[in-house]
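Right, one structure below, let's go through it.
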Amino acid sequence: MRYFRCELHTHTTLSDGRMTPEELVDRALECGYDAIALTDHNTVAGVKRAVKAGKERGLTVIPGIEWTTFWGHFTVIGGKSDVLWRDITPDNVDGMIKRAQSTGDIVAIAHPRRMGYPLCSGCHCDYDIGKLTGADNYEVWSHYYPNEGVAARQQKEQWYSLLDKGHRIAAVYGYDWHSRDDVPPSYAYTYVGAESASERDILTGLKRGATYITVGVEVDCKAVVGGKEYAIGSVLPEGETQIKLSFRKIEDYRSDKPSRLTKAEIRTEKGVTALPAEFGKQTTAEISFSRYCTVSVYGDRKREEQLLAITSAFYRGGRK
Amino acid sequence: MRTVLEGQYVLTRKDQSTHYKIPFVVPEDAEKMYIAVSYGPKYNYDEEYGVALIRENMMKQAGEPLMSEGEMRAKLPLDNHLSFSLDSPDGPVGTAHRSSNNQNFTICAESADGGFYPCAIKKGNWVFTVSVTCIITDQITVSLKAEVGE
């Protein structure tokens with residue numbers, strides 16, 4: 001298994017994007033993505049064109065849609081769900097998520113703490129978060145300046161609170177890509193652990209929660225229990241547990257690159273443990289947890305210490 | 001060309017977050033459907049109202065300031081946003097979601113634009129739905145015309 005660079009939240013001229021499906025595919029290839037999902041607002045009208053262009057040009061394009069409801073947005077990828085966005089209400093949203101997932105599609109809560117009405121109506125998640133805990137993925141970061149600002153902090157805190165309560169929901173980033181962005185502001189990547197960059201394998205990786213999100217740092221993160229290595233998203237057996245970490249600069253990251261790493265933090269239901277972190281060096285830590293364990297990576301970027309990467313969790317025990 | 005739907009529809013603030021359904025009949029099978037929809041006003045140019053509305057909802061949603069007053073003013077003028085969906089006698093034909101308040105669509109069995117899906121123009125009951133994503137003026141007037149023909 002390896003980690004593939006993905007963008008799971010994109011738009012085209014078939015909704016309010018500025019690139020045609022073919023232009024989106026071309027741009028994604030230029031930007032080094034292994035796979036993208038097309039998630040136009042409430043329509044799959046561009047999917048056939050994007051998938052065809054992807055096949056011709058060598059990019060995995062996963063069919064999808066963004067349910068753009070009045071009370072919140074969800075990216076739904078896999079292309080099999082028959083849920084009609086107009087039928088989703090605060091009362092039935094949990095059932096609609098399950099119905100989409102029953103077809104094999106992956107559901108992510110999109111930019112839940114972004115400002116909604118009157119600037120971007122529906123962008124803020126007004127649903128009862130308790131009804132959304134069955135979603136597969138949560139956009140911990142989204143759009144530009146993903147690791148900065150109040151919305152990013154609130155999304156991270158809400159995601160952690162879901163993990164604290166025993167829910168299993170993987171962290172993803174959503175570029176919410178609408179235009180060509182030749183010189184993009186700060187943005188991030190979602191890396192998905194999979195056997196290949198095929199649609200099926202990426203969807204499997206997302207379902208397993210084998211993801212991390214990053215601003216300019218590749219993270220190799222494994223758990224070791226009883227001599228066996230486990231990928232992010234795994235449910236670990238009981239026993240002494242080591243977390244093995246190493247980091248590499250993403251050389252083709254197009255915005256401000258991190259100059260150095262400052263620390264890694266391992267977060268569990270018990271608290272946070274800080275570790276040294278350096279590009280090109282492995283860090284290993286013994287860790288004890290009973291519910292979940294995630295890793296955050298910090299470093300200097302734009303002349304200040306920033307959170308640069310977050311992994312989805314390793315889990316233990318029963319699922320809530 | 002035959003007009004199968006033509007009208008003006010007034011939406012008010014009470015319609016925020018609702019789907020306004022406009023049924024119409026296609027009397028006989030046709031090759032293509034042409035839809036022209038526009039609405040106005042698009043913007044609310046009252047700056048003080050805009051800043052107050054952003055501030056109120058920012059605190060309601062985030063519980064803390066997300067932006068400075070200068071950043072709020074940079075977001076003005078606030079605008080109305082409507083989405084449009086179409087249902088044929090056989091089911092959903094897609095949704096057009098974009099900012100423009102003046103849109104034209106052509107739909108037939110082989111092709112469609114704007115977010116709609118290719119669809120045979122069959123005789124029977126159709127529905128055009130206006131989804132009120134954001135209304136920040138006292139009212140919006142929607143002008144709609146659907147024609148079928150070659």
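Computed from the coordinates by the stated procedures, all read-outs in this text should not be read as laboratory data. Since the structure is predicted, the reported quantities are computational estimates derived from the model, not experimental observations. Note that we place each Cβ from the backbone using ideal geometry, even for glycine, and neighbour counts take in every protein chain shown.
Calculated from the alpha-carbon coordinates, region A:138-264 shows an Rg and a Dmax of 15.7, 49 Å respectively. Take each residue of peptide A:104-115, count the partner chain Cβ atoms within 10 Å of its Cβ, and average: the result is 1.
Note on region A:121-184 and region A:3-37: Cα centroid distance 19 Å, given to the nearest whole angstrom.
Partner shielding of A:41-47 amounts to 6, given as the average count of beta-carbon atoms from other chains within 10 Å of each residue beta-carbon. Summed over all non-identical Cα pairs, the Kirkwood treatment of region B:94-139 gives a radius of 12.6 Å. Using the Cβ-Cβ distance between residue A:230 and residue A:279 with R0 set to 30 Å, the FRET efficiency from 1/(1 + (r/R0)^6) comes to roughly 0.80. Amide H to amide H, with H built 1.01 Å from N, residue A:69 comes under 5 Å of A:74, counting only residues 5 or more places away or on other chains. Rounded to the nearest 10 degrees, the inclination of helix B:47-62 to the longest alpha-carbon principal axis of chain B is 90 degrees.
Working from label points 7 Å from Cα in the Cα-to-Cβ sense, the residue B:75 to residue A:103 distance is 3.3 nm.
Given charges of +1 on the Cβ of Lys and Arg and -1 on the Cβ of Asp and Glu, with all other atoms neutral, how large is the dipole of the protein assembly as shown about its Cα centre, in debye to the nearest 20? Show your work: numbers first, answer last.
Working: 57 positive and 63 negative charges, 233 e Å.
My answer is approximately 1120 debye.
For peptide B:90-100, compute the average count of partner chain beta-carbon atoms within 10 Å of each residue's beta-carbon.
Working: counts 0, 2, 6, 2, 6, 13, 7, 11, 7, 1, 1.
Mean inter-chain Cβ contacts per residue within 10 Å come to 5.
Each listed q (0.11, 0.16, 0.20 Å⁻¹) maps to a log10 I(q)/I(0) for region A:1-83, found by the Debye formula over equal Cα scatterers with no solvent: -0.26, -0.54, -0.82.
Taking a threshold of 19 Å on the Cα-Cα distance, which of the pairs A:249/A:302; A:165/A:270; B:21/B:75 fall above it? From the list (A:249/A:302; A:165/A:270; B:21/B:75), the Cα-Cα distance tops 19 Å for B:21/B:75. Put simply, the convex hull of the Cα atoms in region A:217-315 casts, on average, a shadow of 6.1 nm².
Rank these for me by crowding, B:60, B:32, going from fewest to most other beta carbons within 10 Å. Before the final figure, lay out each step's value.
On the way: B:60 12, B:32 17.
With the fewest neighbours first, B:60, B:32 line up as B:60, B:32.
By the Cβ distance rule of under 4.7 Å, the protein assembly as shown has these cysteines without a partner: A:6, A:31, A:125, A:221, A:293, B:108, B:119, B:134. Among A:203, A:24, the order by Cβ neighbours within 10 angstrom, fewest to most, reads A:203, A:24. Zone of residue A:238 (label point 7 Å along Cα→Cβ, backbone N under 14 Å): which residues in region A:272-312? So the set is A:289-291. Note on chain B: the C-alpha convex hull projects to 9.5 nm² when averaged across all orientations.
Relative intensity of the protein assembly as shown on a log10 scale, I(q)/I(0) at q = 0.10, 0.11 Å⁻¹, equals -0.76, -0.90, per a Debye sum over C-alpha point scatterers of equal strength in the absence of solvent. The distance separating the Cα centre of region B:46-105 from that of region A:50-98 comes to 21 Å.
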